[in-house]
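Notes follow once the structure below has been shown.
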Amino acid sequence: MRDSRLVLFIILAAFMALCSQAQAWDQHFVFTQVVAAELSDRLPILIEPVRATSLETFLKRNKTAVKALFRDFYSWKYKTYKYQHWLLSPENYAYLYSEGAGSMDKKRFLELLGVQKTGLSQIIVSEEFSRQYNIKSVNADTTLPFSAWLALFSDEPDWGADIGLFGKGDPRYNSEIPYGAIDKLSSQAPFHMYFPTERFITYKACESLKESMALLRFNIFIRLTNLAWRVKDHYWTARFLGNTTHYLQDVSNSYHSSALPYANLFTYVKYFAVKDKDKYLSDNTQILANRHFAYEAVGLEFMLLTKDNLDAYIRTSSVVDRGYELGISEAQQNYCAFSSEIFNRVSKAAYKNARAVDKLIVKNFPAHLIKDPKFDPQTREDFQLNLWFNKELLNNFLQNPKTKQGDLIKAFFTDAVRTFECSALLMGHILR
Ligand SMILES: [Zn+2]
C-alpha cells in the first residue's frame, strides 16, 4: 500500500501558495524585527550600525576556519543523516579531508553550503520591508543597524538558493527529490519543511518524508554564524544568523511541520477507493495549498495591522524574555545537540497545533476558498482577505475574544508566540 504520491501531493501544496501574495512566514522579517526590538537593551549589538561587506572578503579572511567548519559539519552530517542528499563531490571531499588542491573561494563555499550558485549573492527588498524600514534598495556598501540586516536576511532562504537543486545533474543532489516538484518553487520544500513527528501510516505512505534537510541547513548556518561572531564580522553574523532564524521560524509554522494536517483514515481509504486518483490528488493539493495560503495571509495581515499595538494581543516582552533566558542559560551545552533539540521541539509543537489550525481555517473561511479545488487564491482578485479579516475584527477581538474569527486568531497566536520565542532563544544563544 505504498504510494508516495498520496503524501507528495500534499507537500507540493505548501509551496504553491508563495508566488503572488506576501504572507507571514514568507515575510519572516515581521517576526524577527519584533524580537530584535525587544532585545536591543540586552544585546547592544542589535542597534549598532553595520556596513555590508562581500562574501569574498569574509572567505579570504577566514579561509582556514571555514574549511575546518565544513569538515566538522560533514562529519556530523554523516553521523546523523543517512540519506543520499547534499553530497560532497570527490574534489571537495579531497579538499576537505585529504588536503586536496584548491582554495576556499566563493564557488567552492556555495557548493559546500549545498545551495545554488547564486546563493548569498543578491539581496531582495520586499515591498513590505521597504515600507517599514524606509529603504528602497541596498548595495555593496549600505550601512544599516545590525537588527535591520538580521530582519532582512531572515527572509533570505526564500530568495532562490534552495530552489531547483534536484533533477538537474547536480552531483550533490543526484537522487530523487524526497518531496516537492523539481521544476517549481516547491522544489525548496525538502529544505524548508520538516516532518519528524508524522504518524506511522503517513510514513508508510511516504518514507521519504523523513529525508528533510531543514535541520541540516539550520545546523550549517548556526556554525557559520558562530564563526562570524567569533571573528567580529558583524555583517556576516547578521546575514548568517538571519538565515539560521529563517529555518527555525519555518518549522514553527504548523503547515511546515505537518504533511497532512487534515488527513484521517477516511482520506487514505478514499484515495485507494477512487478511480481517478490523479484528480483526487490534484484536487487535494489545491485545497491544502489554499488553506496554507489563507493561514499565512491571516498571519501577515495580523502582523501588519498590529504593528503599533502588538502588545495588546500578545505579551511579546514576556514571550521574548522566556526565549532569551532559555538561550543564554543553555550556554554550556554541546551546541549541535542543543540546536537539534530546539529545532525538533519547535517543529513538534507546531505539528501539534496543525490539526486545530487547519480546522479553524475551514471553519472561518468561506467554503469556496478552502474547499473548492477549482479556486486558486493566486488569482488574487477573488481573494480579498480584508472582507473577513480586518482591523475592525481585531478591535472587536480585544473587546471580546469570542468574537467572529477569535478562535482562529488564538490558534495563530500559538504559532506566533512560538516563533517569537524560538527567535529570541537563538539571538540570546548566539549574541549573548
Ligand atoms: Zn522558508
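The values are calculated or read from the model by the stated rules, or taken from the named source; none is laboratory data. Computed from a prediction, not measured in an experiment: that's the story for all the values here. Virtual Cβ from ideal backbone geometry, glycine too; neighbours counted across all protein chains shown.
Of note:
- Only residues that are outside any helix (DSSP H, G or I) and among the polar types (S, T, N, Q) were counted across the stretch 277-331, and they come to 2.
- Options Ala263, Ala189, Ala259, Ala161: the member that is modelled with pLDDT of 95 or more and either buried (at least 23 other Cβ atoms within 10 Å of the Cβ) or within 29 Å of Leu59 (Cβ to Cβ) (or both): Ala161
- Test: residue in the stretch 178-196 that is of a type in the set (S, T, N, Q), within 19 Å of Leu216 (Cβ to Cβ) and in a loop (DSSP other than H, G, I, E, B): no
- Ser121 vs. criteria at pLDDT below 95 and either over 18 Å from Ala214 (Cβ atoms) or in contact with a Leu (Cβ under 6 Å, 6 or more places away or on another chain) (or both): yes
- Against the test of being farther than 25 Å from Leu248 by Cβ and either buried (at least 16 other Cβ atoms within 10 Å of the Cβ) or of a type in the set (A, V, I, L, M) (or both), the options Phe302, Phe338, Phe389, Phe293 yield a single qualifying residue, Phe389.
- In the stretch 93-115, the residues that are in contact (Cβ under 8 Å) with a residue 12 or more places away in the chain and over 18 Å from Ser175 (Cβ atoms): Tyr95, Leu96, Tyr97, Ser103, Met104, Asp105, Lys106, Arg108, Phe109, Leu112, Leu113
- Pick from the stretch 219-234, criterion farther than 24 Å from Lys82 by Cα and in a helix (DSSP H, G or I), ranking: farthest from the ligand (Cβ to nearest atom): Arg230
- Within the stretch 222-261, being under 9 Å from the mean Cα position of the chain (by Cα) and among the hydrophobic types (A, V, I, L, M, F, W, C) holds for Leu248, Val251.
- Exclusive hit being surrounded by 15 or more Cβ atoms within 10 Å (Cβ to Cβ) and not in a helix (DSSP H, G or I), set Thr403, Thr414, Thr419: Thr403
- Taking the stretch 158-183 as the range and being touching a Gly at 6+ places or on another chain (Cβ under 9 Å), within 16 Å of the ligand (Cβ to nearest atom) and not aliphatic (A, V, I, L, M) as the test, the residues that pass are Trp159, Gly160, Asp162.
- Hits in the stretch 32-49 - residues which are part of a strand (DSSP E or B) and buried (at least 23 other Cβ atoms within 10 Å of the Cβ): none
- On the stretch given as the stretch 197-213, residues that are of a type outside the set (Asp, Glu), assigned to a helix (DSSP H, G or I) and either farther than 16 Å from Leu260 by Cβ or at pLDDT 90 or above (or both) total 3.
- Residue check for Leu216: within 16 Å of the ligand (Cβ to nearest atom), of a type in the set (A, V, I, L, M) and either surrounded by fewer than 23 Cβ atoms within 10 Å (Cβ to Cβ) or modelled with pLDDT of 95 or more (or both): yes
- Taking the listed residues Ala259, Ala263, the one that is in a loop (DSSP other than H, G, I, E, B) and within 16 Å of the ligand (Cβ to nearest atom) is Ala259, with no other qualifying.
- Whichever residue in the stretch 341-386 is hydroxyl-bearing (Ser, Thr, Tyr) and modelled with pLDDT of 85 or more and, among such residues, is surrounded by the fewest Cβ atoms within 10 Å (Cβ to Cβ): Tyr351
- Exactly one residue out of Ser103, Ser98, Ser89, Ser20 is within 24 Å of Tyr255 (Cβ to Cβ), at pLDDT below 95 and hydroxyl-bearing (Ser, Thr, Tyr): that is Ser20.
- Answer residue from the stretch 192-213, given it is under 18 Å from the mean Cα position of the chain (by Cα) and surrounded by fewer than 17 Cβ atoms within 10 Å (Cβ to Cβ) and is farthest from the ligand (Cβ to nearest atom) among those: Lys210
- Of the helices (runs of 4 or more DSSP H) lying entirely inside the stretch 94-170, the ones with 3 or more residues being in contact with a strand residue (DSSP E or B) (Cβ under 9 Å, 6 or more places away or on another chain) are found at 146-153.
- Residue in the stretch 235-246 that is surrounded by 21 or more Cβ atoms within 10 Å (Cβ to Cβ), basic (Lys, Arg) and part of a helix (DSSP H, G or I) present: yes
- Total residues in the stretch 266-296, condition within 16 Å of the ligand (Cβ to nearest atom) and not acidic (Asp, Glu): 4
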